[in-house]
Amino acid sequence: MQALAGQTLSVPPVWMMRQAGRYLSEYRELRSRYPSFLDLCNTPEAATEVTLQPIRRFGFDAAILFSDILVIPDALGQTVTFTKGEGPQLKALGGQEDIAALKPDRVLEHLQPVFETVERVRSALPPETTLLGFCGAPWTVATYMIAGQTTPDQRPARMMAYSDPETFQKLVDILVDASADYLVRQVKAGADAVQIFDTWAGILDEDGFRRWAIEPTRRIVEKVRSELPGTRIIGFPRGAGARAVAYIEETGIDAVGIDWMMPLVFARDALQPRATVQGNLDPIALLAGGRAIDAGVDAILETLGSGPLVFNLGHGILPETPVAHVEAMLKRVRGT
């Protein structure tokens, strides 16, 4: 929380995106007891345990709620399933009628198990460990809702945004309101700060980035802070590149997550004067281990360590990553 407030610390706090997940044997054992991924997310006792597993093992400075960005479409009434080896599968939205059939009024009631998980985790965490809540950004969540799955370039959503922006805007508006309400309830339940994941922001053109990535995030930040002033918010516009400057300035976030493709000197000179920077070790460098970890960690600390920094990966940890590599990364960051 000190780093998110803009303080420069001698040893930056560290956590990893997807730190609660498949690379941990204890997670795989627990996951095997549940018929579906959403069942696990919606069982507070189990989701609490998964959230706490990496804290017990590694002592990260932050725990992040174990859930998924697609709980919002599920709560809106869209059919969402997770198929092993294929990722998420949704009943794709075909247009205005499908969007009009979504049920925003049921979102918070449907997500009660998530809020119970937040309460349980906060009560179980050491007081010095930050608890992060999160949601998916409207653009990224909409890409899945429209395509029904991950695609290489999320073409279905981009086509709708170009060809029928009025209809696409209606979906984004629904997601802005649902996401803001969702984050508010997470903070009220005990989250210390929240992150907005915009995994597919980088595929947008310049005008689209401003309309579909920046503006919805700005509205979410404004809505959350109108109810809970001072809430610390991290934005992660993956692939934003130089557009991260406008993203910071126009959304009002406290910290910006940067991917491994972001030049460190640019992050230092253009981003850190405007916000805390979070990132950005390449997950494949972590997977490779050895010199790749050492060189990656050292470059980040040498370039960004003199400003407000939260050490993290440039995207989520890969499931096949050895636990020993995570331990080596932490030792390098912490100088132990």
Charge tally for neighbours of residue 252 with beta carbon under 9 Å away, counting Lys, Arg as +1 and Asp, Glu as -1, is -2
Diffing region 16-26: the Karplus 3J(HN,Hα) column from phi (6.51, -1.76, 1.60, θ = phi - 60°), in whole Hz with x for Gly and Pro, holds 10, 5, 6, 5, 9, x, 5, 6, 9, 5, 5
Regression test value, accessible area per residue of region 104-255, probe 1.4 Å, units Å², expected 38
The relative contact order of region 146-218, taking Cα pairs under 8 Å that sit 6 or more residues apart, comes to a percentage of 26
Amide H proximity to residue 278 below 5 Å, modelled H, separation 5+ or other chain, gives 256, 257, 258, 310
Computed about the Cα centre, the charge dipole of the chain from +1 Lys/Arg and -1 Asp/Glu charges at the Cβ has a magnitude in debye, to the nearest 20, of 540
Given backbone amide H placed at 1.01 Å from N, residues whose amide H is under 5 Å from that of residue 198, ignoring those fewer than 5 places away on the same chain, are 137, 236, 238
From the cross-link list 103/170; 91/223; 103/223, the entries with a Cα-Cα span beyond 23 Å are 91/223
Using a 1.4 Å probe on heavy atoms of the protein chains only, the accessible area for residue 123 in Å², nearest 10, reads 100
About its Cα centre, region 162-307 carries a charge dipole, from +1 on Lys and Arg Cβ atoms and -1 on Asp and Glu Cβ atoms, whose size in debye to the nearest 20 is 320
For region 249-295, averaging the sequence separation of alpha carbon pairs under 8 Å that lie six or more residues apart and dividing by its residue count, the contact order in percent is 40
Whole-Hz Karplus couplings 3J(HN,Hα) for region 229-246, θ = phi - 60° and coefficients 6.51, -1.76, 1.60, Gly and Pro as x, run x, x, 4, 7, 10, 9, x, 10, x, 4, x, 5, x, 5, 5, 4, 4, 5
Counting only protein heavy atoms and leaving out ligands, DNA and RNA, the solvent-accessible surface of residue 174 at a 1.4 Å probe, in Å² to the nearest 10, equals 40
Contact order relative to length for the chain, counting C-alpha pairs under 8 Å separated by 6 or more residues, stands in percent at 21
In whole percent, the fraction of accessible protein surface over region 134-194 that belongs to carbon or sulfur atoms, probe radius 1.4 Å, stands at 50
On the accessible surface of region 58-132, probed at 1.4 Å with all protein chains in place, carbon and sulfur together account for a percent value of 48
Taking the dipole of region 164-224 about the Cα centre (Lys, Arg +1; Asp, Glu -1; charges at Cβ), the one of 183, 171, 199 that reaches farthest to the positive side is 183
Sorting 153, 177 on solvent-accessible surface, 1.4 Å probe, most exposed first, gives 177, 153
Karplus ³J(HN,Hα) for region 298-307 (6.51 cos²θ - 1.76 cosθ + 1.60, θ = phi - 60°; Hz, whole; x = Gly/Pro) runs 4, 5, 5, 5, 5, 8, 10, x, 8, x
Quick calc, region 105-234, dipole around Cα centre from Cβ unit charges on Lys, Arg (+) and Asp, Glu (-), nearest 20 debye, gives 200
Highest mean packing first, using Cβ neighbours within 10 angstrom, the peptides 209-216, 245-252, 26-33 sort as 209-216, 245-252, 26-33
Taking a probe of 1.4 Å and leaving out DNA, RNA and ligands, region 266-328 shows per residue an accessible area in Å² of 37
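The values are calculated or read from the model by the stated rules, or taken from the named source; none is laboratory data. Quick caveat: nothing in here was measured; it's all calculated off a predicted structure. Please note: Cβ atoms are built from the backbone with ideal geometry, for glycine as well, and neighbour counts cover all protein chains shown. Surface accessibility is based on the protein's heavy atoms, side chains included, excluding ligands, DNA and RNA. Shrake-Rupley method; radii C 1.70, N 1.55, O 1.52, S 1.80 Å.
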